[in-house]
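K.L.:
What follows is a structure written as structure tokens; I'll ask about it next.
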Amino acid sequence: MILFTRIHSLKFQNKVAKDSLKRTIKAIGDESLEKGLYFYTFIDIDETNLYVINTWDNEKSSKKVHSVYEDFLKQVKEMGVKMVILGGSSETSYSNESILDNFIKVD
């Protein structure tokens, strides 16, 4: 199955800024699960660097939700957060269906 994935690379001024925005991004991710987002993953690189990986059913769904948050992304950059967002077609493989039990499911 071909999906669409966006990788967000964020560099913050300090840990407090990172932790605060991470909570906001999580809330946006939870809302987006009903709009074509299959799953999202946070990767804490260190105290000031965070990657967020979003995997969508298709690029159209991703663009639609992304466009709703353009002002938010602009404000984040104005706060001094350095952000790079890349996206493209992706394939996901896993060993067996029981591996999905390791993920948090939002109802």
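K.L.:
With every protein chain present, what is the per residue accessible area of region 17-94 (1.4 Å probe, Å²)? Write out the running numbers ahead of the final one.
P.N.:
Values: 5080 Å² over 78 residues.
Solvent-accessible surface per residue comes out at 65 Å².
K.L.:
Lysines near LYS60 by alpha-carbon distance under 30 Å, same-chain residues fewer than 8 away left out - which ones?
P.N.:
Qualifying lysines at Cα under 30 Å: LYS11, LYS18, LYS22, LYS26, LYS35, LYS74, LYS77, LYS82, LYS105.
K.L.:
Related question: For the chain, take the longest principal axis of its alpha carbons; what is the angle in degrees between that and the long axis of helix 15-32, to the nearest 10 within 0 to 90?
P.N.:
Roughly 40 degrees, rounded to the nearest 10.
K.L.:
What does the charge count near GLU78 come to, summing +1 for each Lys or Arg and -1 for each Asp or Glu among other residues with Cβ under 14 Å from its Cβ?
P.N.:
+1
K.L.:
Which residue, SER32, HIS8, VAL76, has the largest displacement toward the positive end of the dipole of the chain when charges sit on each Cβ (Lys, Arg +1; Asp, Glu -1)?
P.N.:
Of the candidates, VAL76 comes out farthest on the positive side.
K.L.:
I would also like to ask the following. Give, as ranges by residue number, the residues of region 1-30 whose backbone N falls under 16 Å from the point 7 Å along Cα→Cβ of TYR94.
P.N.:
From region 1-30, the list is 1-4.
K.L.:
When the accessible area of the chain is split by element with a 1.4 Å probe, what percent falls to carbon and sulfur? Mind showing how you got there, number by number?
P.N.:
Values: 4000 of 7510 Å².
The C+S portion of the solvent-accessible surface of the chain is 53 percent.
K.L.:
Summing +1 for each Lys or Arg and -1 for each Asp or Glu, what net charge is found among the other residues whose Cβ lies under 12 Å from the Cβ of THR55?
P.N.:
-2
K.L.:
Explain nothing, just the number: dipole magnitude of region 1-85 about its Cα centre with +1 on each Lys and Arg Cβ and -1 on each Asp and Glu Cβ, in debye rounded to the nearest 20.
P.N.:
Numbers: 14 positive and 12 negative charges, 37 e Å.
Computed charge dipole of region 1-85: roughly 180 debye.
K.L.:
For the chain, find the longest principal axis of its Cα atoms and tell me its angle to the long axis of helix 59-68, 0 to 90°, nearest 10.
P.N.:
30 degrees
The values are calculated or read from the model by the stated rules, or taken from the named source; none is laboratory data. What you see is a predicted model, and the numbers here were worked out from it, not measured in a lab. A quick note on method: Cβ atoms are made from the backbone with ideal geometry, for glycine too, and the neighbour counts reach across all protein chains shown. To get the accessible areas, we keep the full protein, side chains included, count just its heavy atoms, and leave off ligands, DNA and RNA. Shrake-Rupley method; radii C 1.70, N 1.55, O 1.52, S 1.80 Å.
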